[in-house]
Amino acid sequence: MAKKKGRLEFLQMKQAGDLAAWITAYDFPTASFAEAAGMDMILVGDSLGMVVLGYEGTVPVTMEDCIRHSQAVRRGAPNTFCIGDMPFLSYQVSDEDAVLNAGRFLKEADMDAVKLEGGRRVTGRIRAITDAGIQVM
């Protein structure tokens, strides 16, 4: 399997006008298939709440849910760039919570980056997470 892409390779792809292929996965088999297919990235989305856990939305999804599914995806795709989606209230309360929870994705699930939502209202959180050396989408 090819070496996992990193920030520099994705920047070079963007500058060259190349497209990145990525998929959302929540489990080992899907991640294995995605890696075998040559996906550039895999997102472990908090949408696992509806798709896998049967919730009506993403609000009930916990950090533990996201970490567990991220761990399964990493085992299935050890050579693919993987992103853990930060669930509701894992980053909204404080910069400290945001950094600690983002760090859990790296320490416990070996994710390469985290994803969060919110646009301009979360720029301080994004800055805190990136200042801790964690890549953010």
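The values are calculated or read from the model by the stated rules, or taken from the named source; none is laboratory data. A quick note: this is a predicted structure, and the numbers were derived from the prediction, not measured. Ideal geometry is used to build each Cβ from the backbone, glycine not excepted, and the neighbour counts take in all protein chains shown. In case anyone asks, the SASA skips ligands and DNA or RNA and just uses the protein heavy atoms, side chains included. Shrake-Rupley method; radii C 1.70, N 1.55, O 1.52, S 1.80 Å.
Applying a threshold of 9 Å to beta carbon distances and a minimum spacing of six or more residues, or different chains, the list of pairs starting in the range 2-29 at a residue that is over 14 Å from ALA77 (Cα atoms) and ending at one that is among the basic types (Lys, Arg) reads GLU9/LYS3; MET13/LYS5; ALA20/LYS5; ALA20/LYS14. Scanning the range 18-28 for residues that are part of a loop (DSSP other than H, G, I, E, B) and at pLDDT 95 or above yields ALA25, TYR26, ASP27.
The residues of the range 12-41 that are over 19 Å from the mean Cα position of the chain (by Cα) and open to solvent by less than 60 Å² (accessible area, probe 1.4 Å), listed by number, are MET13, GLY17. ARG104 meets all of the listed conditions (1) touching a residue at least 40 places away in the same chain (Cβ under 8 Å); (2) crowded, with 21+ Cβ neighbours inside 10 Å; (3) of a type in the set (Lys, Arg) but one, namely (2). Hey, can you tell me all the residues within the range 19-65 that are within 16 Å of SER90 (Cα to Cα) and acidic (Asp, Glu)? Of everything in the range 19-65, those that are within 16 Å of SER90 (Cα to Cα) and acidic (Asp, Glu) turn out to be ASP46, GLU64, ASP65.
There is no residue in the range 42-58 that is out of contact with any helix residue (DSSP H, G or I) (no Cβ under 8 Å at 6 or more places or on another chain), free of Cβ contacts under 8 Å to residues at least 12 places away in the same chain, farther than 22 Å from PRO29 by Cα and hydrophobic (A, V, I, L, M, F, W, C).
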